[in-house]
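Q: For reference, the structure I am asking about is given below.
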Amino acid sequence: QDTLGSRQRCVQETRTALRRGRSVVIDRTNPTHWHRSFFLDLAKQFWIPVVCIWLDLPAEVCIERLRKRKNHPTFRYSPEMEKILRLTIAQIEPPAVEEGFTKVYHFDRAADIDTLDLSKLFERQPSPGPSSPTAADQSPETPQEAQASAKHRSAAVALKKP
């Protein structure tokens, strides 16, 4: 969303990718059920499983990681960014399978996040229903390129075509 400019644009691009049979990683904080619901509803429309990665670190660890970021295209440390980060952390509603996720992976130690191998987390998930006919013949992409950016507290959502 930071690159695309709005949640609406992120949902639109996700829908387009899913129609083309692509797997999608939504790398954004999604602190509440409401924030995640847009992507979960979209996944239901395409009958695809959704994996959630919940990076649950203390605020001070998140701020330190933000300070160390040098090459992120949109998030560079500033007092304003720290304030936004703290406000976001205060809103966190832990994600749950009951929201519609196929699986929720919970990571609460920085060491686990530093060694996180997303390709193992996104192995084939059972489909919640029939595949979308518009996406039936496409092969999914691997989510490894999301590895570098999944280093802060968030609930990334992966929508993967079965």
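Every number in this text was worked out from the coordinates using simple rules, so none of it is lab data. Treat the numbers as computed from the prediction; the structure is a model and nothing was measured.
Q: Given 0.36 nm per residue, what is the gain on full extension from Arg19 to Glu99 after removing their alpha carbon distance, in nm?
A: So the extension gain works out to 26.5 nm.
Q: Please state, rounded to one decimal and in Å, the Kirkwood hydrodynamic radius that segment 20-94 gives when every pair of distinct Cα atoms enters the mean of 1/r.
A: 14.3
Q: Next question. What's the extension gain from Ser119 to Ala59 if we count 0.36 nm per residue and subtract their Cα-Cα distance?
A: Between Ser119 and Ala59, full extension yields 18.9 nm more.
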